[in-house]
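Novice: One structure is given below, represented as structure tokens, and several questions about it will come after.
The values are calculated or read from the model by the stated rules, or taken from the named source; none is laboratory data. Note that the structure is a prediction, hence the values are computed from the model and not measured. Cβ sites come from the backbone with ideal geometry, for glycine too, and all protein chains shown count toward neighbours. With ligands, DNA and RNA removed, areas are computed over all heavy atoms of the protein, side chains included. Shrake-Rupley method; radii C 1.70, N 1.55, O 1.52, S 1.80 Å.
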Amino acid sequence: MVTLSPDQKQALDHISSWYKDPDKRSYITLGGYAGTGKSTLIAQLRQYLHSINPKIKIGFVSYTGKAARVLYGKLKEDEVLYKQDTVGTIHSLIYSPVVNEKEEIVGWEQKEKIDRDLIIVDEASMVDGVIWKHLLSYKVPIIAVGDHGQLPPIRGSFNLMNKPDILLEHIHRQAQQNPIIGISIQAREHGYIRPGHYGNGVNKYAREDQESYLEMNELLQNYSEDTLILCGYNHTRKKLNKHIRQSLGYESPDPIPGDRVICLRNNHKKRVYNGMIGTIVDIRQESVDWYRAEIAMDGEDDHYRGLVSAKQFSEDNAMNFTNQRTQTMAGDLFDFGYALTVHKAQGSQARKVVLFEERFSKMSDHDWRRWLYTGVTRAEEELVIFER
């Protein structure tokens, strides 16, 4: 039997009281740093809810398919999934596909109602204002769980984890033994990670370290899909993408099948969202400005199919079509996705992360600590950091 820490028990009591209150607010938010046991608390909450109402129907959801699969695995491992529960993306819970005469999915529309008594949102810091508004419209109680130490969404002012109702901030002893968690504490509390060897596959290289350049080249030469390459500046990202593509033998500057790409703008009808990563399956020139592409998005069952801006692949920043309404509806924005800025990687995790520390000149100490913490906590097993 799992023994909860004092702050976990207090959080569980708080959520239980909220849920049983007939006059409760429609949602409650729980923020927790990496290593504070958010997943354990969710599992214990599910057991408790079963004890007071064995028939309760819970929809466990996350922003991306990959995150939903991770959530499913944790719930299954803890044996707290019941036959009436569902686990999936937010979009699969609240949107239905629109198909054409060829039975091809051409868009998505919001469902009129959902058969759930409670919704538990994991990785809630990624939820945007539009989706949150749609979730609330069903009048179903919502528990939103996320990491309040991460960077806020890069665009817009909406941020569910800005001031969580409940906080988990005590790092558990078992988590403290994980070198990545230890580094994340350094990043969050001090904004500085000491160079050194922290464990198997977890290293920080100082700028003057003679091995640094050789290690960096080897990591970039041996890029694989289970690796995230992270940096701060867009011009660094473009250089890294170019270098990695050349290492893989891609001579053309244009995107081709097999290229890793990242979505740069939300498109709810196509179910692609800012920061999602995928691999090009097919891509053809539709016009001077547009490609027609098929992209297998990581962790998603359905492929993206649609028009993709050709110009974006040569731009330093994400193009803004706000004032060009015809182009706004014409297609979507993708770019090479081998290397990403930390801001774009907020919803992603990978077995291995290579992080280039790059601090913007106008970045406050507070924002720098959040940036560094967010970058570090993208890593699941291995982490290599280079001082810049």
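Novice: Residue by residue through segment 356-367, what is 3J(HN,Hα) from phi via Karplus (6.51 cos²θ - 1.76 cosθ + 1.60, θ = phi - 60°)? Round to whole Hz and write x for glycine and proline.
Specialist: Each residue of segment 356-367 in turn: 9, 5, 9, 9, 5, 4, 9, 6, 6, 4, 4, 5 Hz.
Novice: What translational diffusion coefficient, to the nearest whole µm²/s, does the chain have by Stokes-Einstein, given a Kirkwood radius computed over alpha-carbon pairs, a temperature of 10 °C and 1.306 mPa s viscosity?
Specialist: 72 µm²/s
Novice: Could you tell me whether segment 1-86 comes out rounded, prolate or oblate from its Cα gyration tensor? Rule is a ≥ b ≥ c as square roots of the eigenvalues, rounded for a/c under 1.5, then prolate if a/b exceeds b/c, otherwise oblate.
Specialist: It is rounded, given that a/c, with a ≥ b ≥ c, falls under 1.5.
Novice: Can you list the residues of segment 119-148 with backbone N under 20 Å from a point 7 Å past the Cα of SER157, pointing along Cα to Cβ?
Specialist: The answer is 125-134, whose backbone nitrogens lie closer than 20 Å to the label point.
Novice: For a test of the definition: using alpha carbon positions, the gyration tensor, and the 1.5 limit on a/c, classify segment 325-388 as rounded, prolate or oblate.
Specialist: Oblate, since a/c reaches 1.5 and b/c is not below a/b.
Novice: Further question on the same structure: Can you give the FRET efficiency for GLU211 and ARG359, using 1/(1 + (r/R0)^6), R0 = 22 Å, r = Cβ-Cβ distance, to the nearest 0.05?
Specialist: So, using R0 = 22 Å, E works out to roughly 0.45.
Novice: Note the full-extension length gain between ASP165 and GLN285 as 0.36 nm times their separation in residues minus their Cα-Cα distance, in nm to one decimal.
Specialist: Extra length from ASP165 to GLN285 when fully extended: 38.3 nm.
Novice: What aspartates and glutamates could a cross-link reach from LYS269, if we take a straight Cα to Cα line under 14 Å and drop same-chain neighbours fewer than 8 places away?
Specialist: Result set, ordered by chain and number: GLU104, GLU109, ASP302, ASP332.
Novice: Next question. Which pairs in the list LYS9/LYS38; LYS38/LYS113; LYS139/LYS270 are over 23 Å apart, alpha-carbon to alpha-carbon?
Specialist: The answer is LYS38/LYS113; LYS139/LYS270.
Novice: Calculate, axis by axis, the spread of Cα positions in segment 80-124 along the three principal axes, and write the results as whole Å, longest axis first.
Specialist: That gives 41, 24, 18 Å along the principal axes, largest extent first.
Novice: Once both labels are modelled 7 Å past Cα along the beta-carbon direction, what's the TYR250-LEU136 spacing in nm?
Specialist: Distance between the two pseudo-spin positions: 4.0 nm.
Novice: Now, a different point. Quick check on segment 146-249: take the gyration tensor over C-alpha atoms, sort the square-rooted eigenvalues as a ≥ b ≥ c, and tell me if it's rounded (a/c under 1.5), prolate or oblate.
Specialist: The shape class here is oblate.
Novice: Counting heavy atoms of the protein chains only and a 1.4 Å probe, report the per residue accessible area for the chain as a whole number of Å².
Specialist: 50 Å²
Novice: On the accessible surface of segment 12-75, probed at 1.4 Å, how many percent belong to carbon and sulfur atoms?
Specialist: Heavy-atom surface of segment 12-75 belonging to carbon and sulfur, 1.4 Å probe: 53 percent.
Novice: Where does segment 99-179 land on Rg(C-alpha)/(2.2 N^0.38 Å)?
Specialist: In units of the globular-protein estimate, segment 99-179 measures up at 1.48.
Novice: Give the value in nm², to one decimal: projected area of the alpha carbon convex hull of segment 24-179, averaged over all directions.
Specialist: Hull-based average projected area comes out at 11.3 nm².
Novice: Separate question: Could you tell me what percent of the accessible area of segment 335-388 is made up of carbon and sulfur, with a 1.4 Å probe and every protein chain present?
Specialist: Reported share for carbon and sulfur atoms: 41 percent.
Novice: Shifting gears a bit: At what distance in angstrom do the alpha carbon centres of segment 177-241 and segment 31-48 lie from each other?
Specialist: Between the Cα centre of segment 177-241 and that of segment 31-48, the gap is 28 Å.
Novice: Which FRET efficiency value, to the nearest 0.05, is calculated for GLN10 and VAL98 with the Förster distance at 41 angstrom and r the Cβ-Cβ distance?
Specialist: With R0 = 41 Å, the Cβ-Cβ based efficiency is 0.35.
Novice: Roughly how many nanometres apart are two label points built 7 Å out from the Cα toward the Cβ at TYR82 and THR3?
Specialist: According to this spin-label approximation, the distance is 2.8 nm.
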